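The next block holds one structure in the form of structure tokens; read it before the comments.
Bear in mind these aren't lab numbers, they're just calculated from the coordinates by the rules spelled out. This structure is a prediction, so every number in the text was calculated from the model and none was measured. Here the Cβ is made from the backbone with ideal geometry for all residues, glycine too, and neighbour counts use every protein chain on show.
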Amino acid sequence: MLKKVLKSLLLHPLTRRTDLNSSETTELRSRIIQDKSFLKQFYQECYVSISNLLPDEINGPVLELGSGGGFFEKLYQ
């Protein structure tokens, strides 16, 4: 029961009643990242670190895994 209460308190109000695997939840999380300056800055810093590890020339697309709400493709082109 305590676990349920904590989870409910920690969830963002926009995603509280959405299915974890729904496309709606992914879109909401993307919006949350863009709207919260700390989160957006955190993602940007992570993406810069990741892109610095990539080779200069890549013959093909780069795939971001596990971050449906992310925006790596907008920064890395």
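Per-residue extension of 0.36 nm, minus the Cα-Cα distance of residue 44 and residue 20, leaves a gain of 6.3 nm for this segment.
Helical content of the chain, expressed as a calculated mean residue ellipticity at 222 nm, amounts to -17000 deg cm²/dmol (DSSP H runs of 4 or more residues, -39,500 (n - 2.57) each, divided by residue number, nearest 500). Extending 7 Å from the Cα toward the beta-carbon at both residue 52 and residue 5 defines two label points whose distance is 4.4 nm. Kirkwood's formula applied to the C-alpha pairs of the chain gives a hydrodynamic radius of 14.4 angstrom. Extending 7 Å from the Cα toward the beta-carbon at both residue 63 and residue 75 defines two label points whose distance is 2.1 nm.
The mean sequence distance of close C-alpha pairs (under 8 Å, at least 6 residues apart), as a share of the length of the chain, puts its relative contact order at 32 percent.
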